[in-house]
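Structure first, commentary second.
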Amino acid sequence: MPTPNRAQSDTTLPKRTGVVVIGGGIIGTSTALELAERGVDVVLCEKGEIAGEQSSRNWGWCRQMGRDVREIPLILEAMKLWRGMNKRIGADTGFIECGITYLAESEAELAIKEKWLDECAKPYQLSSHLIDCAKVAELVPGSTVPWKGALYTPNDGRAEPEKAAPAIASAARQAGAQIFTNCAVRGIEKATGRISGVVTEKGPIGCDSVVLAGGAWSRRFCGNAGIKLKQLSVIGSVQRTAPMDIGLEISFSGGKFAARKRQDGGYTITHRHLSVADIVPASFPQFFDFLPALRMDWAGIKLRLGSRFIDEARLARHWSLDQASPFELIRTLDPAPIASILDEAIASLSTCYPAFANLKIVERWGGCIDVTPDAVPVVSEVDHLPGFYIATGFSGHGFGIGPGAGKLMAEIVTGTTPCVDPKPFRYSRMIDGTKLMPMAGI
């Protein structure tokens, strides 16, 4: 699995702080940085290592293109932050504007991309536009496939997942945040109907507010606190090559592959549109919540019943705060990659681009991607529990959008004017009967 850069941990747990952030991925660290820079006393607690799970296991794409229309204002804010991130934190995240191209093999594929362009990109004046086969050959040369055209966003980018969240965590610490790794939060404490603190495995911390940025663990944490959260997870499979000098700098996808150049000279290669959804105990009570999304994307999800059902069933759903929590029993979710999916991606890529025919795979890994029924995150206060906030359910879009989500979460917590309209990300849609449906995205 990828090994994220190590972020330094503080040693002495404070008795009290302003905000406790639970989770040390890209969302949690970005939230902590934003709060610390605003002068808020903040403690971040991570049950394992910073970016130990999906935040170091994703593709590394920072994209505006292809998103659900509700996410576009937030990704625009995130991209502004990515562009200045290295200077802001005094460290290298690997961010670069390399451009991203979605290749189209047929007129039907091109029409889908044009529809997204008209409905989603143009209202926000994104730089995304359609290009013809000649321009495709110029930007992504060497293909044996006569592409009909492509959707291209020249100012989309990439960053290095192993570097980004740890570097942001270190910057948050320099700005005054306290960072504790291998320190699971077992649960929340309440007084007079609102948040009064948390209990960690190392002791309690009094606080005014809690931000849960727990990724695939968020539903289990919420369940123990009596808070309903609609969330499942899917397994994404990723691989990287040894360094290759083939001159392809742009990130691109087509056929059954997606590929991006890495800072180390290799390429990260994945399947363009295929992941595995394990059937687990939580699948059954949420079946009808997620059914509309499944119907829209049967081809992109493989259902699987296996050992993970038993593994999930063995984990406690409820525990007292003086007991070891599931987060202490499993510090890092480390699912096995699906070899058949990755093999298919390589076969498709090397067929379309023979320059990859002799690639050498040096590592493969899996990651648990937290998903909501409408594939849009929750970035919101929980109205019936003042002081409790959730930033989760990023549905495979979280790495690129992370800095923007952290900024929005910090603004919501501090009661300042939000950078974007927070309504699409409200928690209340999970419980008020709102029809949860994915919208325009590709």
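The values are calculated or read from the model by the stated rules, or taken from the named source; none is laboratory data. Since this is a predicted model, take the numbers as computed values, not measurements. Cβ sites come from the backbone with ideal geometry, for glycine too, and all protein chains shown count toward neighbours.
Could you tell me which numbered condition Asp432 fails, if it satisfies all but one of (1) part of a helix (DSSP H, G or I); (2) under 25 Å from Gly226 (Cα atoms)?
Failed condition: (1).
Could you list, in sequence order, the residues of segment 83-98 that are under 16 Å from Ala172 (Cβ atoms) and of a type in the set (A, V, I, L, M, F, W, C)?
Result: Met85, Ile89, Ala91.
Take the residues in segment 74-128 that are charged (D, E, K, R) and touching a Phe, Trp or Tyr at 6+ places or on another chain (Cβ under 9 Å), then tell me which one is nearest to Ala410 (Cα to Cα).
Arg83
Identify, by number, the condition in (1) over 18 Å from Glu53 (Cβ atoms); (2) touching an Asp or Glu at 6+ places or on another chain (Cβ under 8 Å) that Thr181 doesn't meet.
Against the list (1) over 18 Å from Glu53 (Cβ atoms); (2) touching an Asp or Glu at 6+ places or on another chain (Cβ under 8 Å), Thr181 comes up short only on (1).
Can you tell me which residue is nearest to Ala78 (Cα to Cα) among those in segment 102-129 that are among the hydrophobic types (A, V, I, L, M, F, W, C) and under 26 Å from the mean Cα position of the chain (by Cα)?
That would be Leu126.
Per-residue answers, yes or no, for (1) surrounded by fewer than 18 Cβ atoms within 10 Å (Cβ to Cβ); (2) at pLDDT below 95; (3) touching a helix residue (DSSP H, G or I) at 6+ places or on another chain (Cβ under 6 Å):
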| residue | (1), (2), (3) |
| --- | --- |
| Ile330 | yes, no, no |
| Leu342 | no, no, no |
| Ser350 | yes, no, yes |
| Val382 | no, no, yes |
| Gly387 | no, no, no |
| Ser395 | no, yes, no |
| Leu408 | no, no, no |
| Ile412 | no, no, no |
| Thr416 | yes, no, no |
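Count, please, the residues in segment 179-217 that happen to be among the β-branched types (Val, Ile, Thr) and in contact with a Ser or Thr (Cβ under 7 Å, 6 or more places away or on another chain).
Start the filter on segment 179-217 by keeping residues that are among the β-branched types (Val, Ile, Thr), which leaves 179, 181, 185, 188, 192, 195, 198-200, 205, 210-211.
Of the ones still in play, those that are also in contact with a Ser or Thr (Cβ under 7 Å, 6 or more places away or on another chain) are 179, 181, 185, 195, 205, 211.
Of the residues in that region, 6 qualify.
Return the residues of segment 112-143 that are farther than 14 Å from Phe252 by Cα, assigned to a loop (DSSP other than H, G, I, E, B) and hydrophobic (A, V, I, L, M, F, W, C); say none if nothing qualifies.
Answer for segment 112-143, where residues must be farther than 14 Å from Phe252 by Cα, assigned to a loop (DSSP other than H, G, I, E, B) and hydrophobic (A, V, I, L, M, F, W, C): just Leu126.
Exactly one of these conditions fails for Arg429: (1) surrounded by 24 or more Cβ atoms within 10 Å (Cβ to Cβ); (2) over 30 Å from Pro4 (Cβ atoms). Give me its number.
The single condition Arg429 does not satisfy is (1).
Cβ contacts < 6 Å: first residue polar (S, T, N, Q), restricted to segment 194-205; second residue surrounded by 22 or more Cβ atoms within 10 Å (Cβ to Cβ), any location; separation 6+ or different chain. Result?
Matching pairs, first to second residue: Thr200/Cys45; Thr200/Cys183; Thr200/Val185.
Any residue that is among the aliphatic types (A, V, I, L, M), surrounded by fewer than 23 Cβ atoms within 10 Å (Cβ to Cβ), in contact with a strand residue (DSSP E or B) (Cβ under 8 Å, 6 or more places away or on another chain) and not in a strand (DSSP E or B) - is there at least one of those in segment 174-181?
Just the residues of segment 174-181 that are among the aliphatic types (A, V, I, L, M), to begin with: 175, 177, 179.
Filter again for surrounded by fewer than 23 Cβ atoms within 10 Å (Cβ to Cβ), leaving 175.
Imposing the further condition that a residue be in contact with a strand residue (DSSP E or B) (Cβ under 8 Å, 6 or more places away or on another chain) reduces the set to none.
The answer is no; no qualifying residue exists.
Out of segment 297-326, which residues are aliphatic (A, V, I, L, M) and loosely packed, with under 11 Cβ neighbours inside 10 Å?
Correct list: Ala299, Leu305, Ile310.
So which residues in segment 234-257 are closer than 20 Å to Leu130 by Cα and of a type outside the set (D, E, K, R)?
Across segment 234-257, the qualifying residues are Leu248, Ile250, Ser251, Phe252, Ser253, Gly254, Gly255, Phe257.
Collect the residues in segment 62-75 that are in a helix (DSSP H, G or I) and touching a residue at least 60 places away in the same chain (Cβ under 8 Å), keeping them in residue-number order.
Hits for segment 62-75 are Val69, Arg70, Glu71, Pro73, Leu74, Ile75.
Of the numbered conditions (1) in a loop (DSSP other than H, G, I, E, B); (2) buried (at least 23 other Cβ atoms within 10 Å of the Cβ), Val43 fails exactly one; give the number of that condition.
The single condition Val43 does not satisfy is (1).
For Ala169, indicate whether it is free of Cβ contacts under 8 Å to residues at least 60 places away in the same chain, farther than 30 Å from Ala347 by Cβ and crowded, with 19+ Cβ neighbours inside 10 Å.
no
Report the residue count in segment 1-35 for those that are part of a loop (DSSP other than H, G, I, E, B), surrounded by 24 or more Cβ atoms within 10 Å (Cβ to Cβ) and touching a Leu at 6+ places or on another chain (Cβ under 9 Å). Outline the logic, then answer.
In the first step, residues of segment 1-35 are kept if they are part of a loop (DSSP other than H, G, I, E, B); the result is 1-15, 17-18, 23-25.
Filter once more, so that each one left must be surrounded by 24 or more Cβ atoms within 10 Å (Cβ to Cβ): 4, 23-25.
When the remaining residues are screened for being touching a Leu at 6+ places or on another chain (Cβ under 9 Å), the result is 23-24.
Adding up the residues that qualify gives 2.
Take the residues of segment 290-324 that are aromatic (Phe, Trp, Tyr) and in a helix (DSSP H, G or I): which is nearest to the chain's Cα centre (by Cα)?
Per the stated criteria, the residue is Phe290.
In the set Trp59, Trp82, which member is under 18 Å from the mean Cα position of the chain (by Cα), closer than 30 Å to Arg6 by Cβ and assigned to a loop (DSSP other than H, G, I, E, B)?
Trp59
In this structure, does Pro326 turn out to be more than 18 Å from Arg272 (Cβ to Cβ), of a type outside the set (Gly, Ala, Ser) and touching a Leu at 6+ places or on another chain (Cβ under 6 Å)?
When the stated conditions are applied, Pro326 passes them.
Restricting attention to segment 92-142, which residues are in contact with a Ser or Thr (Cβ under 8 Å, 6 or more places away or on another chain) and among the hydrophobic types (A, V, I, L, M, F, W, C)?
Listed by number, the residues that qualify are Cys98, Ile100, Leu103, Leu117, Ala121, Leu126, Ile131, Val136, Ala137, Leu139, Val140.
Any residue in segment 319-343 that's farther than 18 Å from Thr3 by Cβ: show its pairings with residues that are of a type in the set (Asp, Glu) at Cβ separation under 7 Å, as long as the two are six or more apart or on different chains.
Partner pairs satisfying both residue conditions: Glu328/Glu201.
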